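All of the numbers you see were taken from the coordinates with simple rules; none came from a lab. A quick note: this is a predicted structure, and the numbers were derived from the prediction, not measured. Positions of Cβ are generated from backbone atoms using ideal geometry, with glycine treated the same way; all protein chains shown enter the neighbour counts.
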């Protein structure tokens, strides 16, 4: 549903959202923190800047920063800036003539796509930074889980055979 480009864009936006306001970061710094190759990330950062999500500043103290406060940028804004549209089902995907309404399967799938779109439109970067669990988004670059994560073994019991 979400392209790799869009996920990388969300990672970069969240990294910048977690920084102190108006503190730009270089593409290299963002790439290291988000585990994205710098060349590919630079293209994504330019896309986000072109769409008004980020501001690019040149010079010695330059870099990228958010163009708006974290509460004014939604997940859907970032997705649209990277050309990811939520694919809705408006007609029979099988192309069957006479199907002017969606069958129950395709109606259910479209309802879920609509729900995802509403969730993305109502979830801001600020919401993700202050999300449940008390753990900031983005994994530790070393691949280790942050020390504050604990696993409730009862929640894993349903996976035991």
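Checking the structure you have, find out if any residue of the range 60-75 is in contact with a helix residue (DSSP H, G or I) (Cβ under 7 Å, 6 or more places away or on another chain), under 17 Å from residue 7 (Cα atoms) and assigned to a loop (DSSP other than H, G, I, E, B).
Yes, there is a match, as at least one residue in the range 60-75 is in contact with a helix residue (DSSP H, G or I) (Cβ under 7 Å, 6 or more places away or on another chain), under 17 Å from residue 7 (Cα atoms) and assigned to a loop (DSSP other than H, G, I, E, B).
Just to be sure I understand, how many residues within the range 117-131 are under 13 Å from residue 70 (Cα atoms), in contact with a helix residue (DSSP H, G or I) (Cβ under 7 Å, 6 or more places away or on another chain) and either without any contact (Cβ under 8 Å) to a residue 60 or more places away in the chain or assigned to a loop (DSSP other than H, G, I, E, B) (or both)?
Matching residues across the range 117-131 total 2.
Out of the range 47-59, which residues are within 23 Å of residue 117 (Cα to Cα) and in contact with a helix residue (DSSP H, G or I) (Cβ under 7 Å, 6 or more places away or on another chain)?
47, 48, 51, 53, 54 - these are the residues of the range 47-59 that are within 23 Å of residue 117 (Cα to Cα) and in contact with a helix residue (DSSP H, G or I) (Cβ under 7 Å, 6 or more places away or on another chain).
Go through the residues of the range 82-102 one by one and say whether even a single one is in a helix (DSSP H, G or I) and crowded, with 16+ Cβ neighbours inside 10 Å.
No, because not a single residue in the range 82-102 is in a helix (DSSP H, G or I) and crowded, with 16+ Cβ neighbours inside 10 Å.
Inside the range 14-40, can you point out the residues that are closer than 11 Å to residue 63 by Cα and either in contact (Cβ under 8 Å) with a residue 40 or more places away in the chain or out of contact with any helix residue (DSSP H, G or I) (no Cβ under 6 Å at 6 or more places or on another chain) (or both)?
16, 22, 23, 24, 25, 26, 29 - these are the residues of the range 14-40 that are closer than 11 Å to residue 63 by Cα and either in contact (Cβ under 8 Å) with a residue 40 or more places away in the chain or out of contact with any helix residue (DSSP H, G or I) (no Cβ under 6 Å at 6 or more places or on another chain) (or both).
Looking at (1) assigned to a helix (DSSP H, G or I); (2) closer than 22 Å to residue 2 by Cα; (3) touching a residue at least 12 places away in the same chain (Cβ under 8 Å), which is the one condition that is false for residue 112?
(3)
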